[in-house]
Amino acid sequence: MSCPCMDRRTCLKAGLAGLVLSGAGGVFAAVNSLSSPVNYSPSLVLEAGAPRDFLSTAMHDFQVADRRITVVRGDEGLYALVRNCTHMGCIPSFNEADNRFHCPCHGSVFNLAGDVLRGPAPAPLFRAALAVNSRGAVEINAGQQDNDPQNRNRAPFLLEV
Ligand code: FES
């Protein structure tokens, strides 16, 4: 093969330079992929809407990663009930007739606050943290949860809006 526009020596140098550059690019890509890990896990923070969207007593359901969350307006403010059952993780559904959550898997029943009314669930439903973010929207943080009755009725598990 010949290069019509260059002499043989120049052509060889150009070819070597190309090989070195492509090799360096490959090494850079490999090192870069090792030093900057990519996070493929879904976000645990969700912007749920404007505070005015939650003025009524209607419940609002959200999926945040693997958690099913219902935002409820209680007497003192909003709270985000994580509906993953504390027994084995099934999703209790809300029954309007008795105002309770019923787990379809083994029959646990929870009240609107998330307390266990009937087992085998061993503990109340968790609550996720709520906040109004810098854009003025209600934000659910499912990465911060608590089901201790001492903690759940204050920030960040209760949002007064
Ligand atoms: S998973 Fe809900 S009662 Fe078992």
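Tabulated values for the structure
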read-out	value
Antiparallel DSSP beta bridges within segment 45-146, as percent of all bridges there, nearest 5	100 percent
Pairwise centroid distance, computed over Cα atoms, of segment 99-118 with segment 56-70, Å	16 Å
Theoretical FRET efficiency, 1/(1+(r/R0)^6), r = Cβ-Cβ of residue 45 and residue 97, R0 35 Å, to 0.05	0.55
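Values quoted throughout were computed directly from the atomic coordinates according to the rules given, and no laboratory measurement underlies them. Everything numeric in this text was worked out from a predicted model, so none of it was measured. When we count neighbours, we look across all protein chains shown, and the Cβ atoms used for this are built from the backbone with ideal geometry, even at glycine.
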